[in-house]
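Encoded as structure tokens, the structure appears first; notes follow it.
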Amino acid sequence: MGEAKVTRDERGRIVIPSEHYHAFEAAPDVLIGPAPGGESLYVFPPAAWNSLVDRLRKGKEGDDPEAPAFLRLYTSLYRRERIQGKSRRIDLTPDLSTLASLSDNVVVVGRDDRLEVMDESTWRQRTADILAAVKPLAERSRWD
């Protein structure tokens, strides 16, 4: 959980922040691809990726005739990347970076079983939208 601002290096790589690295220590590889909506990237350890694909297969099997096509397309957009040693760097390929509109300044957000990487401006906008949406609830709850 939590967020970390990270600057991509000249080769487009980012460092997995130390506070998030524990989920990736056991595996030398990660799977990186677009989050639904395409404005960010998900970074999965292999076990979490396999679990997600299994859930998608089981949850959609027989329910939706377009589900197999979606699963093929979605999984084809993911790339396996090796975590680069003690530096904890991963490569965000140009095609994935373009897909998620990433600049050199990104935010890495810890989620339950994955990381989410997004452009810093996208993160600021998302955060502002969420805070605006919960403000009435906070006021009604007297959190101030």
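Computed from the coordinates by the stated procedures, all read-outs in this text should not be read as laboratory data. In this text the structure is predicted, and so the values were computed from the model without any measurement. Positions of Cβ are generated from backbone atoms using ideal geometry, with glycine treated the same way; all protein chains shown enter the neighbour counts.
Sort out which residues of region 80-118 are of a type in the set (D, E, K, R) and within 24 Å of residue 53 (Cβ to Cβ), and write them in order of number.
Correct list: 80, 81, 82, 91, 95, 111, 112, 113, 114, 116.
Give the residues of region 1-27 that are part of a loop (DSSP other than H, G, I, E, B) and either touching a strand residue (DSSP E or B) at 6+ places or on another chain (Cβ under 6 Å) or of a type in the set (Ser, Thr, Tyr) (or both), sorted by residue number.
Restricting attention to region 1-27, the residues satisfying the condition of being part of a loop (DSSP other than H, G, I, E, B) are 1-2, 8-12, 16-17, 25-27.
Correct list: 1, 2, 8, 17.
For residue 40, state whether it is under 22 Å from residue 124 (Cβ atoms), among the polar types (S, T, N, Q) and out of contact with any Pro (no Cβ under 7 Å at 6 or more places or on another chain).
In short, yes.
This table checks each residue for (1) of a type in the set (A, V, I, L, M, F, W, C); (2) loosely packed, with under 12 Cβ neighbours inside 10 Å; (3) in contact with a Ser or Thr (Cβ under 9 Å, 6 or more places away or on another chain); (4) closer than 17 Å to residue 20 by Cβ.
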{"site": "56", "(1), (2), (3), (4)": "yes, no, yes, no"}
{"site": "65", "(1), (2), (3), (4)": "no, yes, no, no"}
{"site": "76", "(1), (2), (3), (4)": "no, yes, no, no"}
{"site": "94", "(1), (2), (3), (4)": "no, yes, no, no"}
{"site": "118", "(1), (2), (3), (4)": "yes, no, yes, yes"}
{"site": "127", "(1), (2), (3), (4)": "no, no, no, no"}
{"site": "138", "(1), (2), (3), (4)": "yes, yes, no, no"}
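Take residues that are over 18 Å from the mean Cα position of the chain (by Cα) and tell me which of the helices (runs of 4 or more DSSP H) falling wholly in region 30-144 contain 2 or more.
46-60, 67-76, 120-141
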